[in-house]
1. Output yes when any residue across the range 317-324 is touching a residue at least 24 places away in the same chain (Cβ under 8 Å), in a loop (DSSP other than H, G, I, E, B) and open to solvent by less than 50 Å² (accessible area, probe 1.4 Å), and no when none is.
2. When you go through (1) within 30 Å of N270 (Cα to Cα); (2) out of contact with any Cys (no Cβ under 8 Å at 6 or more places or on another chain); (3) open to solvent by less than 40 Å² (accessible area, probe 1.4 Å); (4) at pLDDT 90 or above one by one for I313, which number turns out not to apply?
3. Kindly indicate whether any position in the range 108-128 is of a type in the set (V, I, T), modelled with pLDDT of 85 or more and part of a loop (DSSP other than H, G, I, E, B).
4. Those residues that are in a loop (DSSP other than H, G, I, E, B), open to solvent by 50 Å² or more (accessible area, probe 1.4 Å) and within 22 Å of E139 (Cα to Cα), I need them from the range 175-216; list them, please.
5. Got a sec? Which of V245, V227 is β-branched (V, I, T), surrounded by fewer than 17 Cβ atoms within 10 Å (Cβ to Cβ) and in contact (Cβ under 8 Å) with a residue 24 or more places away in the chain?
6. Being part of a loop (DSSP other than H, G, I, E, B) and open to solvent by less than 60 Å² (accessible area, probe 1.4 Å) is the filter here; which residues of the range 500-517 pass it?
7. Strands (runs of 3 or more DSSP E) wholly in the range 1-41 with at least 3 residues that are at pLDDT 50 or above, out of contact with any Pro (no Cβ under 8 Å at 6 or more places or on another chain) and buried (at least 19 other Cβ atoms within 10 Å of the Cβ) - which ones?
Amino acid sequence: MHLSIFFFLLLWAQALTLKNLNYSVPEEQGPGTVIGNIAKDARLGLEQIGQGGQGKKANFRVLENSAPHLIDVDPQSGLLYTKQRIDRETLCKRNPKCQLSMEVFANDKEICMIKIDIQDINDNSPVFPSDQIDIDISENAVPGTRFPLTSAHDPDAGENGLKTYQITRDDYNLFSLEVKSRGDGTKFPELVIQRPLDREERSHHTLILSATDGGEYPRSGTMQINVKVIDSNDNSPVFDQSSYVVEIPENSPPGKVLIDLNATDPDEGNNGQVVYSFSGYAPERIRELFSIDSRTGVIKIQGEIDYEESSVIEIDVQAKDLGPNPIPGHCKVTVKVLDRNDNWPSIGFVSVRQGAISEAAPPGTVIALVRVTDKDSGRNGQLQCRVLGNVPFKLEENYDNFYTVVTDRPLDREVQDEYNVTIVAKDNGIPPLNSTKSFTVKILDENDNVPRFTKSVYLLQIPENNIPGEYLGSVLAHDPDLGQNGTVYYSIINSNVSGGDVNTYVNVNAANGAIYAVRSFNYEQIKYFDFKVLAKDAGSPHLESNATVRISVLDVNDNIPVIVLPLLQNDTAEIHVPRNVGVGYIVTTVRAVDNDYGESGRLTYEISDGNEEHLFEIDPVTGEVRTAHPFWDDVSPIVELIIRVSDHGKPTLTAAARLIIKASNGRPPDGLPHMKDNQNWDMSLPLIVTLSIISIMLLAAMVTIAIKCKRENKEIRTYNCRIAEYSHPQLGKGKKKKINKNDIMLVQSEVEERDAMNVMNVVSSPSLATSPMYFDYQTRLPLSSPRSEVMYLKPTANNLSVPQSHVGCHTSFTGPVTSTTDTPTNRMSIIQSSGR
């Protein structure tokens with residue numbers, strides 16, 4: 001056994017290689033004959049096979065086998081062996097090249113293309129169709145007349161096939177033998193008359209035709225030729241040409257005329273009437289493919305003409321007359337079959353990647369190995385292959401019509417999680433034929449998408465005075481990944497809001513992004529605040545993003561207007577107005593404050609009662625009360641007006657004060673307008689200047705008192721209410737000034753600055769000690785409160801005995817703190833200075 005190995009290594013898809021192996025084996029070998037060792041000859045997996053089973057076990061899988069009944073491969077050892085006796089003549093008939101092919105997938109990573117040549121041995125002798133034939137030859141046959149003889153058949157090929165013919169027992173040298181070759185290489189003999197025949201001299205001749213092959217030990221076969229010399233007519237039919245060449249496309253329909261032959265015979269009658277037929281030695285396949293009209297000589301197609309079966313067909317035709325002892329005429333018709341594009345490309349998947357491919361796979365990742373073939377030849381067999389559609393895959397051509405399907409660009413499962421990859425193979429024929437074949441590729445998810453909020457900033461609104469735990473709104477982030485990679489959890493990023501932890505204001509549901517209030521909000525303390533919500537997926541590694549949430553607190557009309565001017569006692573103020581001041585005289589200005597904002601904080605002033613005579617009027621915006629009657633004091637020297645202050649919130653909140661206006665004989669105070677002339681006086685500026693001067697004076701007095709108190713008793717931690725005697729020398733060296741109740745003011749103690757207790761105290765003038773009543777300190781308010789907040793003083797019995805010479809600090813104003821819900825008749829409003 002002769003072994004010839006051709007090794008060609010081609011890198012395929014980083015891990016797959018393609019190798020070619022060629023073997024040859026003589027025919028007639030029995031079952032079990034080892035042709036070759038694929039693992040050894042192709043050097044496949046030597047490091048695994050040679051380690052005594054320590055490595056991965058070798059395996060060989062047959063992908064394609066042209067003769068599975070004759071040859072096979074051991075799946076473990078890789079031995080190529082015969083399964084039964086191989087007869088080359090039965091397998092390949094007269095084909096000069098007899099070859100078997102296999103495709104073996106070795107070790108799940110290498111493809112071996114195996115071709116096995118079946119070597120011919122001279123095991124067949126030439127054989128004639130029959131042992132003898134009879135030939136009638138007219139004695140008028142001239143020397144050189146030829147008579148084609150039946151060819152012998154030798155199934156062997158090459159040198160072992162039929163080589164030559166020879167004739168024996170020609171005692172009179174009347175005949176000779178000429179050997180000719182057909183287009184397909186086969187040889188056939190012709191009997192040639194060398195000398196004129198004489199039937200009267202000898203009417204029969206017996207010849208032996210021998211056929212010999214070209215084997216090392218030649219084999220031969222014989223046939224007896226019986227020649228009968230008869231009388232015949234003088235002329236034989238003659239064709240227009242001795243040979244014809246016809247071209248016809250394959251798959252031509254049955255009934256199509258191939259050629260119209262014509263042979264002529266100058267004899268008359270039956271001796272000149274020509275009859276056409278195939279030669280007696282024409283193969284049976286010719287009679288299956290074609291038919292000939294015996295009278296007209298027209299040859300028609302009656303079978304299927306296939307270029308892939310035979311590209312050239314030769315037909316031997318004879319024509320003879322109907323006279324006695326006819327001598328036939330012969331011609332040869334050569335049919336050239338034209339290839340037509342009648343075979344569709346064939347697509348086969350040698351290997352397809354199992355399971356899903358990660359979307360993170362880089363471009364060039366191998367998906368499948370594909371083989372494309374076309375039985376047609378020339379342009380009809382030239383193929384163009386591609387991947388159909390706009391998919392992230394492409395074909396790369398490798399070797400011998402092998403292609404690899406690889407990724408062409410990055411994959412994105414969120415765009416498409418499954419692809420139907422269709423391979424299109426098209427030949428170059430006219431018209432072109434194409435075939436398609438598909439397979440499915442599924443994409444495996446990776447955590448490659450960050451959770452994305454639907455908004456970058458979420459604006460949420462809530463009315464003040466909300467209930468803790470109330471739902472405020474939700475944030476939403478989308479993550480297109482699957483499973484844990486797409487599961488989003490929410491949390492609040494730590495930050496401060498007004499000096500406090502944001503988590504003491506709001507919290508977020510980790511699963512759905514719902515935001516809830518942790519506390520009740522007050523619009524007057526905080527109008528809005530921002531914080532960030534973090535969205536993080538559960539993939540590995542985690543991906544996250546954040547969005548800003550702004551909580552806007554909506555104002556609610558929850559603050560009642562508070563009247564701060566004029567100073568009220570039991571919601572009542574007494575005002576003295578000189579007589580004869582005329583119309584337009586400003587009696588007083590009512591001032592009220594409201595902690596609310598917007599419409600809820602916009603105030604309107606009106607006289608709700610006591611002005612039936614229309615003696616006075618009030619500006620609804622500024623609160624200025626003016627005289628509306630020139631002789632109001634004649635109508636009523638004492639007028640009680642009920643002033644109502646209303647805000648514009650919903651619902652409307654109101655406050656009321658009673659003004660007792662009395663007529664007096666004194667002159668109007670300096671600096672105040674007497675009449676409502678053509679000009680409108682702006683009372684805001686004088687009021688601000690006056691209050692500023694009084695504040696500075698009181699501040700200086702408080703600092704002096706604080707220093708003295710600190711010297712006398714350092715252990716005292718708070719300032720208490722001090723009663724300064726009217727004649728006390730510490731109040732100033734200049735002219736003594738009587739301090740009225742209106743001079744009372746709230747100040748901050750020194751200990752409040754250190755301990756942040758923010759307790760307000762009252763400084764009073766000596767006139768308070770001699771007044772009909774004292775005021776006990778009832779309520780503590782933080783100094784940082786808005787300027788509209790009010791401290792109320794509750795009247796107490798005038799039973800305190802204060803020596804006139806007492807200049808120290810006392811604690812008579814340290815009574816318990818009481819609620820501010822005392823009845824209006826028992827409370828007095830004190831203005832708190834904000835220092836603004």
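The values are calculated or read from the model by the stated rules, or taken from the named source; none is laboratory data. All figures in this text were calculated on a predicted structure; none of them were measured in a lab. Neighbour counts are summed over all protein chains in view; Cβ atoms, including those assigned to glycine, are modelled from backbone coordinates with ideal geometry. Each accessible area value is taken on the protein alone, full model and side chains, heavy atoms only, with ligands, DNA and RNA left out. Shrake-Rupley method; radii C 1.70, N 1.55, O 1.52, S 1.80 Å.
1. Among the residues of the range 317-324, at least one is touching a residue at least 24 places away in the same chain (Cβ under 8 Å), in a loop (DSSP other than H, G, I, E, B) and open to solvent by less than 50 Å² (accessible area, probe 1.4 Å), which makes the answer yes.
2. (1)
3. Looking through the range 108-128, none of the residues is of a type in the set (V, I, T), modelled with pLDDT of 85 or more and part of a loop (DSSP other than H, G, I, E, B).
4. Q194, R195, P196, D198, R199, E200, E201, R202
5. Going through V245, V227 in turn, the sole match is V245.
6. The answer is Y505, N509, A510, G513.
7. 16-26
For (1) free of Cβ contacts under 8 Å to residues at least 12 places away in the same chain; (2) in contact with a His (Cβ under 9 Å, 6 or more places away or on another chain); (3) open to solvent by 40 Å² or more (accessible area, probe 1.4 Å), each residue gets a yes or a no:
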{"position": "P96", "(1), (2), (3)": "no, no, yes"}
{"position": "V104", "(1), (2), (3)": "no, no, no"}
{"position": "E110", "(1), (2), (3)": "no, no, no"}
{"position": "D120", "(1), (2), (3)": "no, no, no"}
{"position": "P148", "(1), (2), (3)": "no, yes, no"}
{"position": "G158", "(1), (2), (3)": "no, no, yes"}
{"position": "G161", "(1), (2), (3)": "no, no, no"}
